[in-house]
Amino acid sequence: MRKMLLAALSRVLQGPAAAARPVSRVVVASRNYADFTSEATFDIKKCDLHRLEEGPPVTAVLTREEGLHYYRTMQTIRRMELKSDQLYKQKIIRGFCHLYDGQEACCVGLEAAIKPTDHLITAYRAHGYAYTRGTSVREILAELTGRKGGCAKGKGGSMHMYAQNFYGGNGIVGAQVPLGAGIALACKYFGKDEICLTLYGDGAANQGQIFETYNMAALWKLPCIFICENNRYGMGTSVERAAASTDYYKRGDYIPGIRVDGMDILCVREATKFAAEHCRSGKGPMLMELQTYRYHGHSMSDPGISYRTREEIQEVRSKSDPITLLKDRMVNNSLSSVEELKEIDVEVRKEIEEAAQFATTDPEPPLEELGNHIYKNEPPFEVRGPSQWIKYKSVG
Amino acid sequence: MTVRDALNQALDEELERDEKVFLLGEEVAQYDGAYKISRGLWKKYGDKRIIDTPISEMGFTGIAVGAAMAGLRPICEFMTFNFSMQAIDQVINSAGKTLYMSAGMVPVPVVFRGPNGASAGVGAQHSQCFAAWYGHCPGLKVVSPWSSEDAKGLLKASVRDDNPVVMLENELMYGVPFEMSEEAQSKDFLVPIGKAKIERQGTHVTLVSHSRSVGHCLEAAAVLVKEGVECEVVNLRTIRPMDVESIEASVVKTNHLITVEGGWPQFGVGAEICARIMEGPAFNYLDAPAVRLTGADVPMPYAKVLEENCLPQVKDIIFAVKKTLNI
């Protein structure tokens, strides 16, 4: 109905010449931003609370601008991960590759609620975060393909990408959690009103060092939001088989917690704003459990269907996909149109293709790079290679 | 000045010099330090700079490393390095490797310090030497002071270094007094990391050692000099990066090499020195195979007579020198 109206409108405005053009072109050319509303309010799921009287709001306002930005960002991550899948199967990406598709609402929602001056650390399923924290798709893909144009010059790989106020990308399950509390300690020490978001998965949630960290963060009131991305499986082990209590938002015991619908970006955003406010006010840490889902297996070597059914994966895709959820909300509330979002899809695809092109043609790092970055601010020295006759210079 | 007081002075000076430096560990604040190394510091600097931690090595070590990544300069104390084993992942994987993995983007200026190696009658689980374990890993710096000057200068240098430094102290050395030179009393006295010191010049044999064993080497040298044998005693001071050049220069001069350490023999500091000497110019100057004196290849027993015989004693060094020189 809308299409017909717009088409009619455009023909009137543009005169007889417009009639010859294909319909879609006409619609695009005549799209008028006055047709879209500037913002809409949505009901969002109430969060389960632990040791809290009140939780995050149950409604959220989404502006058109925000919506388009979230959509583009999530779609970029989605396509970037799918491209990585492709490159891995072509053996252009090697080693470990843990993909994030399905979980986009988490990283985009979190970023929407914090400032670039806040800090974030996560584990190895980190490509989405590398992107939201400021690394370009080009640099991410080139890091995956091990080229010198990668964000870590090809020396880190999938699990070790870093950016300003983004501390990776950590390979040892759970180790990033004490690190995150340490970053929060620095935030408090420097007194600049910054916080640290410290992420871990449902698998890592059973690590002892996390409980040690809960204790110290609460004792010292560190401005740390502990965030458990619960995607229901720790590698091939379902949460029921790994944890005596799967209420991850309660596992911090004396630390207040909220359980959030991690597939709804607005839920994630509002919950994170709520938690961030708590931390910034000096009340100490908070715990957020984001209930989310990964479409891929644990890593590229895991088909992901031996411990869960294809039906389950399909059900999540059709009923809870974070990008579809946002798209439907926007289209149904006049924040955007199917066509406009499709345009974004096209642009994103192009960006990913170009980035992949770069990532597959950029040269590998030069051999000299092998010895570098052992020490910081050290005069150049020699590094031993596989034999006493093979030496590399270490600079910077 | 005792080693303990030298360390205390170094901590005080570095805390005063740079706001970003702070100390955390078990009992470092209100207890004044399990071995009193941080005596008086909490009173002077307060809760923000001197932090008592719960008994959570893996947790607080990770916290120290994270704080360093975010721009602070923590000193993380292990009550003994035996407990660092619980946190070793944070020391090696988080602290040691991050600069490399990030291609230079994320430096980790943290110091891990505490007593290492054998003490007196503390049993097997509290007596292990970690010089070889940490010395094995690229990305870390590992220092091992012997004297008060070593302790003060190396601690100050470690705090000012932008890299993760493991400082292996020795509990039995804490109470030992040493002369402090004029230079060593200055607030900016630093001992360079990566440079060995010739504690005693000699011509007949090179004794290379680190930490407490340096003292034993000097004692052995004092006895041997009466028999006309002049030992050159090299105090490594740094395990990684090791100053092989100083050892080589000494071996070229004396033609005989003996390494002395408290740690276990297999894959130890002495083993590394011997391998490196073989690869370099000094090999051609050896008149006898290089010799290693190490801790006995057993977990440390408790009974005094057993414990004593599990570490290289002065008599063992003298015996080894005579054997090497064939006298």
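For the reader, a short list of remarks on this structure follows.
- In this simple spin-label approximation, A:GLU277 and A:TYR254 carry label points 7 Å from Cα along the Cα→Cβ vector, and these lie 2.6 nm apart.
- Residues whose amide H falls under 5 Å from that of B:THR259, counting only those 5 or more places apart or on a different chain, are B:VAL208, B:VAL291, B:ARG292, B:LEU293, with hydrogens built in the peptide plane.
- Once the 1.4 Å probe is applied to the protein heavy atoms, the protein assembly as shown comes out at 41 Å² accessible per residue.
- Cα shape, the range A:198-345, gyration tensor, a/c 1.5 rule: oblate
- Using a cutoff of 8 angstrom between alpha carbon atoms and counting only pairs six or more residues apart, the relative contact order for chain A works out to 20 percent.
- Take the convex hull of the alpha carbons in the range B:232-327; its mean projected area over all directions comes to 6.6 nm².
- Taking a ≥ b ≥ c as the square roots of the eigenvalues of the alpha carbon gyration tensor, the range A:316-356 is oblate, as a/c is not under 1.5 and a/b does not beat b/c.
- Packing order of peptides A:234-241, A:369-376, highest average first: A:369-376, A:234-241 (average count of other Cβ atoms within 10 Å over each peptide's residues).
- Among B:SER94, B:VAL122, A:LEU287 the positive-end extreme of the charge dipole of the protein assembly as shown (Cβ point charges): A:LEU287
- Each peptide in B:7-15, B:60-68, A:323-331, A:310-318 gets a packing score, the mean of other Cβ atoms within 10 Å over its residues, and the list from highest to lowest is B:60-68, B:7-15, A:323-331, A:310-318.
- Estimated vicinal HN-Hα couplings, Hz - the range B:320-327 in sequence order (Karplus 6.51, -1.76, 1.60; Gly, Pro = x): 5, 4, 5, 5, 5, 8, 6, 10
- In the range A:171-189, burial by the other protein chains removes 20 Å² or more of 1.4 Å probe accessible surface, compared with the chain on its own, from A:ILE172, A:ALA175, A:PRO178, A:LEU179, A:GLY182, A:ILE183, A:LEU185, A:ALA186, A:TYR189.
- Working ranking of peptides B:313-324, B:142-153 by packing, defined as the average number of other Cβ atoms within 10 Å per residue, highest first, is B:142-153, B:313-324.
- Across peptide B:69-75, the mean count of Cβ atoms from other chains lying within 10 Å of each residue's own Cβ comes to 6.
- Helix axis angle, B:148-160 relative to chain B longest principal axis, alpha carbon, degrees: 50
- When Rg and the Kirkwood Rh are both derived from Cα coordinates, the Rg/Rh ratio for chain A amounts to 1.02.
- Taking both sides together, the accessible area buried where A meets B is about 3600 Å² for a 1.4 Å probe.
- Semi-axes of the equivalent ellipsoid for the range B:114-198, Cα gyration tensor, largest first, Å: 23, 18, 9
- Of the trypsin sites (Lys or Arg not before Pro) found in the range B:11-48, the ones in coil according to DSSP and having at most 13 other Cβ atoms within 10 Å of their Cβ are B:LYS48.
- The range B:51-193 - percent of accessible surface contributed by carbon and sulfur, probe 1.4 Å: 57
- Shielding of B:187-196 by partner chains, average beta-carbon count, 10 Å: 1
- Legend: mean number of C-beta atoms from other chains within 10 angstrom of residue C-beta atoms, peptide A:354-366, equals 0.
- Backbone geometry of the range B:75-92 corresponds, through the Karplus equation with coefficients 6.51, -1.76 and 1.60 at θ = phi - 60°, to 3J(HN,Hα) couplings of 10, 9, 8, 9, 4, 9, 5, 4, 7, 5, 4, 6, 10, 4, 4, 5, 5, 8 Hz, x marking Gly and Pro.
- Long-range amide H partners of A:ASP48 with built H, under 5 Å: A:ARG259
- Volume per residue of the convex hull around the Cα atoms, evaluated for the protein assembly as shown, comes out as 178 Å³.
- Under 19 Å from A:LYS115, Cα to Cα: aspartates and glutamates that are on another chain or at least 8 residues apart: A:GLU65, A:GLU66, A:GLU104, A:ASP193, A:GLU194, A:GLU270, A:GLU277
- Applying D = kT/(6 pi eta Rh) to the range B:205-262, where Rh is the Kirkwood radius over alpha-carbon pairs, T corresponds to 37 °C and eta to 0.692 mPa s, the Stokes-Einstein value obtained is 285 µm²/s.
- The orientation-averaged projected area of the convex hull spanned by the Cα atoms of chain B comes to 16.3 nm².
- Remark: the range A:99-252 projects, on average over all directions, an area of 9.1 nm² (convex hull of Cα atoms).
- Note on A:PHE42/A:SER245: beta-carbon distance plugged into 1/(1 + (r/R0)^6) with R0 of 30 Å gives a FRET efficiency of 0.45.
- Cα-only radius of gyration and Dmax that characterise the range A:52-134, units Å: 15.2, 52
- Placing a pseudo-label 7 Å from each Cα along the Cα-to-Cβ vector at B:ASP188 and B:ASP162 gives an inter-label distance of 1.9 nm.
- Counting only DSSP H runs of at least 4 residues, each contributing -39500 (n - 2.57), and dividing by the residue count of chain B, the helix-based mean residue ellipticity at 222 nm comes to -9500 deg cm²/dmol.
- Taking the accessible area of the range A:239-325, probe 1.4 Å, and keeping the other protein chains in place, the carbon and sulfur fraction comes to 47%.
- Relative contact order [Cα under 8 Å, 6+ residues apart], the range B:187-322, whole percent: 26
- Stokes-Einstein translational diffusion, the range A:298-396 - Kirkwood Rh over all Cα pairs, 1.002 mPa s, 20 °C, in µm²/s: 111
- Cα-based Rg / Dmax (Å) for the range A:222-309: 14.7, 46
- Pairwise label distance in nanometres, A:LYS393 with B:VAL298, each label 7 Å out on the Cα-Cβ vector: 5.2
- Bridgeable lysines around B:LYS44 (alpha carbons under 24 Å apart, same-chain partners fewer than 8 residues away excluded): A:LYS188, A:LYS221, B:LYS20, B:LYS36, B:LYS152, B:LYS156, B:LYS187.
- On the range A:108-219, 51 percent of the accessible area sits on carbon and sulfur atoms, based on a 1.4 Å probe.
- When the Cα gyration tensor is reduced to axis lengths a ≥ b ≥ c, the ratio a/c is 1.5 or higher for the range A:354-396, and with a/b not above b/c it is classed as oblate.
- Long hydrophobic helices in chain A: the complete DSSP H runs spanning 20 Å or more by Cα along their own axis with mean Kyte-Doolittle hydropathy of at least 1.0 are A:176-190.
The values are calculated or read from the model by the stated rules, or taken from the named source; none is laboratory data. It should be emphasised that the depicted structure is a prediction, and the values quoted were computed from it without experimental measurement. No Cβ is skipped: glycine too gets one built from the backbone with ideal geometry, and neighbour counts run over all protein chains shown. Ligands, DNA and RNA are excluded from the accessible area calculation, which covers all protein heavy atoms including side chains. Shrake-Rupley method; radii C 1.70, N 1.55, O 1.52, S 1.80 Å.
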